[in-house]
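Every read-out reported here was derived from the displayed coordinates using simple, explicitly stated rules and does not represent laboratory data. From a predicted model like this one, the values you see are computed outputs, not experimental measurements. Virtual Cβ from ideal backbone geometry, glycine too; neighbours counted across all protein chains shown.
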Amino acid sequence: MSYWALGIFIFIIIYILANVILYFLQERFIFKAEKLPSDFKFDYENQIFDEYNIEVDPGVNINGIHFKVRKPKGVVLYLKGNSRSIKGWGKFAVDFTRHGFDVLMVDYRGYGKSTGKRTEKGIKKDLQYVYDRLKEQVDEQYITLYGRSLGSGFATKLASSNNPRLLILDAPYYSVKHITKRFLPIMPMSLILRFPVKTYRWIEYVKCPIKIIHGTSDKLIPFKTSVKLSKINPEWTRLYPVIDGGHNNLHTFPQYHRFLEEILHSELPKEIDPKNSSLNFRRKKV
């Protein structure tokens, strides 16, 4: 065997092994879970909250926190990003409670106190179960879905299968495959990825206002991703660019909080009357 042929053979073996390793270890890269002991006590300053444990299936327990306000205007189901647990994410509930909204945060399987084997199908089932339980307490016209980064895909899936008042996407991705292809362009992600999470496919079927907030300097999920998503269902979608915002620091920009206030208190969009607007005006060709 020539050195050239031997080199190709070695490359193929390494490539196959790399794909096998990536297939089995991809959870470690996608989900940066923080586990909490079952007796852990949550503590949030100046926040009123209850802790819930929801048994979805035998061996599958979803742990969540319900932040409460007096006379709530509605409730925000907050689906967090891929890191840590709701222990750390709970501090962001204040961005909604200060506007008069309850907030329900849950940990995905394997995060915090939540248990169960993690699969995309399983996570979607868990969140639909939580949503159904929430609907028993609150009419859907008062439910807002908020998806942050990883949670944006799952929030979009929920919105496509239900009828919430509003869908807010914070730094959303087109699909997990599109993210991984940026960093591993030579890998066959369509074949080995077990968590594709196809936001682009689900957003087409959402029939409520879609508000997308994205930093223009996001290095992990580029701003152009949200531009692309906003074109799939333009009738319902509005894009809010946070100038110079990155992926993990939008909450440090006053512009983000102004956008959030505007979104939370916005009315449902009214149909534009062509007779009383310039909607159908067209320039004459010269």
Rg/Rh for the range 78-137, where both radii come from Cα atoms and Rh is the Kirkwood radius: 0.99
Of the chymotrypsin sites (Phe, Trp or Tyr not before Pro) in the range 211-286, those whose Cβ has at most 13 other Cβ within 10 Å and which sit in DSSP loop: F281
Euclidean distance of C-alpha centroids, the range 60-84 and the range 192-233, integer Å: 22 Å
Interchain or long-range residues, amide H under 5 Å from I54's placed H: I62, N63, G64
Separation in nanometres of the label points that stand 7 Å from Cα toward Cβ, at F40 and D132: 2.8 nm
Efficiency of FRET between K275 and K207 - r from beta-carbon atoms, R0 25 angstrom, step 0.05: 0.45
Within the range 210-286, trypsin sites (Lys or Arg not before Pro) in DSSP loop having at most 12 other beta-carbon neighbours inside 10 Å: K219, K231, K270, R282, R283, K284, K285
